[in-house]
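Below is one structure, written out as structure tokens; the observations come after it.
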Amino acid sequence: MEWTRNKTFTVVVNVCRLVLSLVLVVSGLVKAFDPVGSMYKLNEYASLFAPGFFSEDMLMVLGIVQAEFEFLLGIFLFMGVYRKMVAYLAPAAMLFFTALTAVIYFNGGIEDCGCFGEVLVLSNGETLAKNVFLLLLSLVVMFGRKRFVCHISSGSRWMVTLFSLFYIGSVVLLSLSHLPVVDFGQYSVGTDLRGMTRGTPDEYRVIYAYEHEGDTCELPEGECPDSAWTSVGARSELVKEGVPPLIEGFSIVDWENDNDVTDVLLADTGYVCLVAIERVEEAEISRVDKINDMYDYCLDRDVSFYVTTASDDEEVEMWCKRTGAEYTIYWSDEQVLRNMIRSNPGVLLLKNGVIVGKWNVSDLPAVEQLAQSPTGMPDGLPSLVERMQGWRFWSVLLVLPLLFISLFDATAYRKAIRSVPSAEGEECKNENLDK
């Protein structure tokens, strides 16, 4: 068709391609940064559509595959390689996601789709609108696939593929072996738990009604008319709406003494070592010596030490017998512990109510190393993994190699064009558009 060959259509196709590719790259990366969180979200879908069918290990694999699929599809679209394959895969994927979110929108069951992890929380209606929009973009991309402006020749696309697989695989492996390399959660390092867990209540004032010889009036408390008026009632009036806490449900309870110790923990102005064990019966027991050593270290230095779990008393008792634990174990909600840290067990270090460090127990420095720390605590010894955390680091690590590949390809392509006759050079120029 003639209209598909004009410059305006070419611009529209490539704008749609770039927007779609960026959304897919971000969506895939966010899931790869937090594969455990992706597994939790997929478990919600599995509980809704196929309860009891998928194990957590299966969901973990599915989550990783989804993250890698979205990321690779986005990179291939952005770089303009494997044109035919991605042009058909993109609308097929978006059709599936749109149909899935439509079912959830009309039937409920899941509050947040989890498309962008904890970076951006969308309602079901917003998710459906987003997916319909992306589906339309993918259809434009499919019908206009011959108008792609490619950033690399077909001869170099293997480098894009190899690098992309290595990159996304490294992100997943590091996040699973340690902690998410980019933490977008509510309990990220730097979070002030005092401020985030405390909202402000609604403010009310009392309005009194008065009557005198058939007349009535309403006045706030303290503004009473003369003694001839009789009070006939009162009501509350909202003056200012309260603000709910940004982090809800954070609570640590001493079951044995029926006492909530959350305020005591947050009021501590010094260091507080908080060990989170989601389920003691499922915890990695091989690293338990590090927890015991850290407890002794904190005890010697008068540093507050808390261990909290969602397990019941019987499992906690078994844990203490197996590990020789001498510390008190408190209770917290399982969902709170999952949000707190993606490790079982994991360690958070607080100072003056602020999270100053988070570790998978396997990454916790040995107590012998802490003597070298200027703070005397693990936050004074940043590890290599901690230095690799942060979205800026991983963004640069993604962009620079792709830019290098593009520059290398452009240089090699120009040399190839000069080495062949003009007719053959023109054929080489169009080679990538035929694949």
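The values are calculated or read from the model by the stated rules, or taken from the named source; none is laboratory data. Note that this is a predicted model, so its numbers are computed, not measured. Heads up, the Cβs are rebuilt from the backbone with ideal geometry, glycines too, and the neighbour counts pull from every protein chain shown.
Just to confirm my filter: which helices (runs of 4 or more DSSP H) fall fully inside segment 258-374 and include at least 3 residues that are more than 25 Å from VAL182 (Cβ to Cβ)?
Because the criterion is at least 3 residues that are more than 25 Å from VAL182 (Cβ to Cβ), the helices (runs of 4 or more DSSP H) in segment 258-374 that meet it are 262-267, 288-300, 313-323.
For the condition surrounded by fewer than 20 Cβ atoms within 10 Å (Cβ to Cβ), farther than 15 Å from SER188 by Cα and of a type in the set (Val, Ile, Thr), what is the one hit in VAL367, VAL307?
Values: VAL307 fails: surrounded by fewer than 20 Cβ atoms within 10 Å (Cβ to Cβ).
From the options VAL367, VAL307, the qualifying one is VAL367.
Which one of these is surrounded by fewer than 14 Cβ atoms within 10 Å (Cβ to Cβ), of a type in the set (A, V, I, L, M) and under 29 Å from the mean Cα position of the chain (by Cα): ALA283, ALA267, ALA276?
ALA267
Check VAL385 against each of (1) surrounded by fewer than 19 Cβ atoms within 10 Å (Cβ to Cβ); (2) closer than 26 Å to GLU284 by Cβ; (3) at pLDDT 80 or above and name the one condition it does not meet.
Unmet for VAL385, out of (1) surrounded by fewer than 19 Cβ atoms within 10 Å (Cβ to Cβ); (2) closer than 26 Å to GLU284 by Cβ; (3) at pLDDT 80 or above: (3).
Yes or no: segment 133-150 includes at least one residue that is among the aliphatic types (A, V, I, L, M), modelled with pLDDT of 90 or more, closer than 21 Å to VAL13 by Cα and out of contact with any helix residue (DSSP H, G or I) (no Cβ under 6 Å at 6 or more places or on another chain).
So far as segment 133-150 goes, yes, one or more of its residues are among the aliphatic types (A, V, I, L, M), modelled with pLDDT of 90 or more, closer than 21 Å to VAL13 by Cα and out of contact with any helix residue (DSSP H, G or I) (no Cβ under 6 Å at 6 or more places or on another chain).
In segment 286-300, which residue that is more than 27 Å from the chain's Cα centre (by Cα) and among the charged types (D, E, K, R) is farthest from VAL347 (Cα to Cα)?
Looking at residues that are more than 27 Å from the chain's Cα centre (by Cα) and among the charged types (D, E, K, R), I get ASP300.
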